[in-house]
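Written out below as structure tokens is the structure these notes cover.
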Amino acid sequence: YALVDESETWEMLDEANRKDWKKFYDALKLLYPGCDGNRHYTRNDLENLCSEQLHIPICTCNNFGLYYQSFLKISKFLITQKKLTELKSNKMFLEGIHETANASIRRCLEIKLLDHHPDEQYPMAEVYAAAVFLLPRTAAVDGNHISSSRATIHNCTTTGGWVLTCVLNQGAKVIVMLQSVQRSLRGVPLCSDYQMTMESVNTSSDQTLGVMENFLINFGTRDMLFQVQIVPVTAFDILLGRPFFMLTSCKTADLPNRDQDIMLTDANNRKIIQIP
């Protein structure tokens, strides 16, 4: 029911005295510009969503689900209004996923869809299935597991001068690296004699490929050496678990704007470095 003031305005419409509901409905919409829904979302809204999401690591199914819901709501509206094609929507969806998860999803799709033409876009449904298959459901777990968290350290210098992005997770008991990243570090040996069983958040178990001993990483304080387990498929380049937190006395601070500051302490000189 309309408020009294509004109902009086409605009654003043010429169409109110007729028995044609459609004309009365159209006349009502003229009183409320924008209510017809033709401009709820624009292409700019979708492009801005993808641009922002591109810089946010997707480390769990929950992270991915939030992006998927936001993208689907805007893209479906634009497609209905014939302002966006399915092909363009598929392209933008995958391109909006953070580079680390994006690379893992693409590798998974290349293996799964062997006859997919490289010039064609992957359907959103296939990207969704690959992401759900690869990503852990949650980051809040215990034990020897492969997981992730929102905090990341960009531009970490590693052995050979390579610059990588590291994901932090205090719940993981080990440090983990993606196999393709390890292979790109040419000349860094992998000791396959030291394999271990990793338990993921969905309780499935996977065997690591081995360990890189005394792997050098520099976070801006000094060179630090870590023992890094290698896994074939995961959603990050490097995951820094408890050994990293213990060695650096790492602390994270959540900010009101949803950013995080990371504070590391050099064990030798007690120098503190803050990483935004």
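The values are calculated or read from the model by the stated rules, or taken from the named source; none is laboratory data. What you see is a predicted model, and the numbers here were worked out from it, not measured in a lab. Cβ coordinates were reconstructed from backbone atoms using ideal geometry, including for glycine residues, and neighbour counts include every protein chain displayed. Just so you know, the surface numbers come from the protein's heavy atoms only, side chains and all, with ligands and any DNA or RNA stripped out. Shrake-Rupley method; radii C 1.70, N 1.55, O 1.52, S 1.80 Å.
Consider E52 carefully, then state whether it is open to solvent by 60 Å² or more (accessible area, probe 1.4 Å) and over 27 Å from I153 (Cα atoms).
No: the conditions fail for E52.
Residues in region 71-112 that are over 19 Å from A129 (Cβ atoms) and of a type in the set (S, T, Y): how many?
Step one: filter region 71-112 for residues over 19 Å from A129 (Cβ atoms), giving 73-74, 77-85, 88, 99.
Filter once more, so that each one left must be of a type in the set (S, T, Y): 80, 85.
Qualifying residue count, region 71-112: 2.
Can you spot a residue in region 112-120 that is in a helix (DSSP H, G or I) and either at pLDDT below 90 or not aromatic (F, W, Y) (or both)?
Within region 112-120, one or more residues are in a helix (DSSP H, G or I) and either at pLDDT below 90 or not aromatic (F, W, Y) (or both).
All but one of (1) open to solvent by 40 Å² or more (accessible area, probe 1.4 Å); (2) at pLDDT below 75 hold for S249; which doesn't?
For S249, the failing item is (2).
Looking at (1) over 19 Å from S51 (Cα atoms); (2) open to solvent by 30 Å² or more (accessible area, probe 1.4 Å), find the lone condition where E99 falls short.
Among (1) over 19 Å from S51 (Cα atoms); (2) open to solvent by 30 Å² or more (accessible area, probe 1.4 Å), E99 violates only (1).
For a quick check of your reading of the model, give me the residue pairs whose first member lies in region 88-107 and is at negative phi, whose second is of a type in the set (D, E) and at pLDDT 90 or above, with beta-carbon atoms closer than 8 Å and at least 6 apart or on different chains.
M92/E47; N102/E95
Scan G220, G171, G210 and give me the residue that is modelled with pLDDT under 80, on the phi > 0 side of the Ramachandran plot, open to solvent by less than 50 Å² (accessible area, probe 1.4 Å) and out of contact with any helix residue (DSSP H, G or I) (no Cβ under 7 Å at 6 or more places or on another chain).
G220
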